[in-house]
Amino acid sequence: MKDQRAAAESTQDRRAAERFAEQLRTLRTAAGDPSFRKMAGRSGRISHTTLHEAAAGTRFPSWETVREFVRACEADEVQWRRRWEDAQRPASAPGTEDGDAAPVSTESPTGAETPITAGGEKPDTGTDAAEPDGPVVSVVPASSPKEQNALRGTDYPPTDEEVAGARRQRLPWLAAAAVVLVVVMVAVLGIVVRGRSSRDDPGAVAASSAPSVSPSASAFSDSLIPGDSSKFISDVTIPDGTRVRVNSQFVKVWALKNVGKVAWHNRFLQRTNPTADADGCQVPDRVAIGDTPPDEQVMISVEVTAPSRPGKCWVSWKMVDENGQEYFPTRRPVYFMVTVTA
C-alpha cells in the first residue's frame with residue numbers, strides 16, 4: 001500500500017509540474033518567446049538553464065525560480081504566486097479541468113511588493129544562443145492584498161501570512177490606545193490637583209489665568225505649502241545594493257504617499273546630485289509625478305542606464321514644482337544606489 005501511495009503521489013507531482021510548466025511556456029510565448037538566456041539577463045539573479053528546466057516540467061520549480069521567470073516576462077508576480085500555490089494542491093485549481101492550463105495574464109501590474117533575493121540556482125552552462133539584452137521593464141505589484149485582488153479581478157481568500165500580518169498591524173494600534181488612555185488619566189489627575197491647589201492658593205489662580213504661548217504658533221514648517229506632507233513608502237524595484245551589469249538598463253520605482261491635506265498636481269522628482277558625471281548612472285534630470293490626492297499613494301519610475309565601469313552608483317531626488325522649487329527643502333531625498341559589475 002505504501003509503495004502504491006508513493007507511486008500515486010509521484011505521478012501527481014509529475015503531472016502538477018507538467019501542467020504548471022505548460023502555463024509557464026504559454027506565458028513565455030505571450031511575452032514574445034524570448035530566449036532563456038535573454039530572460040536570465042533580464043533577471044540578473046538566475047541562470048538560463050534553471051529557467052529552461054522550469055518550462056520543461058522535469059520537476060516542480062521553486063517560487064524563487066517562478067518569480068524570476070515571471071519578472072523576465074513582465075507579468076504579475078502576485079497573480080503567479082497564487083497560481084504557483086494552487087498548482088501544488090492535490091486538487092486542480094478552481095475553474096480548470098485536470099490537465100488544462102489556466103489562462104495567462106500579460107497585463108502590467110501597478111502596485112508594490114518588496115523584492116526577494118533568489119538563491120541556490122544552477123550556474124550558467126551556456127547552452128542557449130546569446131541574444132542582445134533588451135531594456136528591463138520593472139514589475140510594480142500591488143501594495144496590499146485588497147489592492148492586489150482589485151488589480152487581478154479575483155477575490156482570493158487571505159493567506160496565513162496575510163492574516164498574521166493583519167494581526168501584527170493591530171498590535172501597534174492597541175499599544176497606542178493604551179498609551180493614549182494613560183495620558184488622558186494623567187491629564188485628568190493634573191486638572192483635579194490644580195483645582196484643589198487653586199482653592200488653597202489664590203496666587204495660583206492668577207498664574208493659571210495668565211496668557212501662554214502655544215508651541216505650535218512658532219513651530220517650524222518644512223513644507224512649501226501649509227498642510228502639505230509626503231511619506232516614503234518603499235523601494236518597489238531595485239533595492240539599495242542591487243548588482244547590475246555595466247551598460248545595462250533598468251527601471252527604478254519608488255512608492256510615495258500624500259499624507260497631507262494638499263492635492264499634488266504638476267509635481268516632479270528632480271535629481272539633486274551633479275548630473276555632469278561621466279562615470280555615473282545616466283538618468284533624466286527630472287521625472288513627472290502623477291496627480292495624487294490626499295491619503296493616496298503614487299508610483300514614480302525613472303529609467304536608468306548603468307555606467308560603463310564597475311563601481312557604485314548613487315543618485316538622489318527631491319520633489320519640486322515646474323520651476324524647480326523644492327516642496328520639502330529640509331527633508332531627506334529619495335535615492336537609489338546600485339553596485340555595477342563587469
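Points to keep in mind about this one:
- Applying 1/(1 + (r/R0)^6) with R0 = 41 Å to the Cβ-Cβ distance of Q12 and M185 gives a FRET efficiency near 0.10.
- Between the C-alpha center of segment 292-342 and that of segment 1-34 there is a gap of 42 Å.
- Spin-label model distance (nm) - R331 vs H265, 7 Å beyond Cα toward Cβ: 2.0 nm
- Using a simple spin-label model with pseudo-atoms 7 Å out from Cα toward Cβ, V287 and E22 lie 4.0 nm apart.
- Using a probe of 1.4 Å on the protein chains alone, the accessible area found for H52 is around 90 Å².
- Stretching the chain fully between N247 and D295 yields a gain of 13.5 nm (0.36 nm per residue, less the alpha carbon separation).
The values are calculated or read from the model by the stated rules, or taken from the named source; none is laboratory data. What you see is a predicted model, and the numbers here were worked out from it, not measured in a lab. Using ideal geometry, Cβ is built from the backbone for each residue, glycine included, and neighbour counts are taken over all protein chains shown. Please note that ligands, DNA and RNA were not included when accessible areas were found on the heavy atoms of the full protein model with its side chains. Shrake-Rupley method; radii C 1.70, N 1.55, O 1.52, S 1.80 Å.
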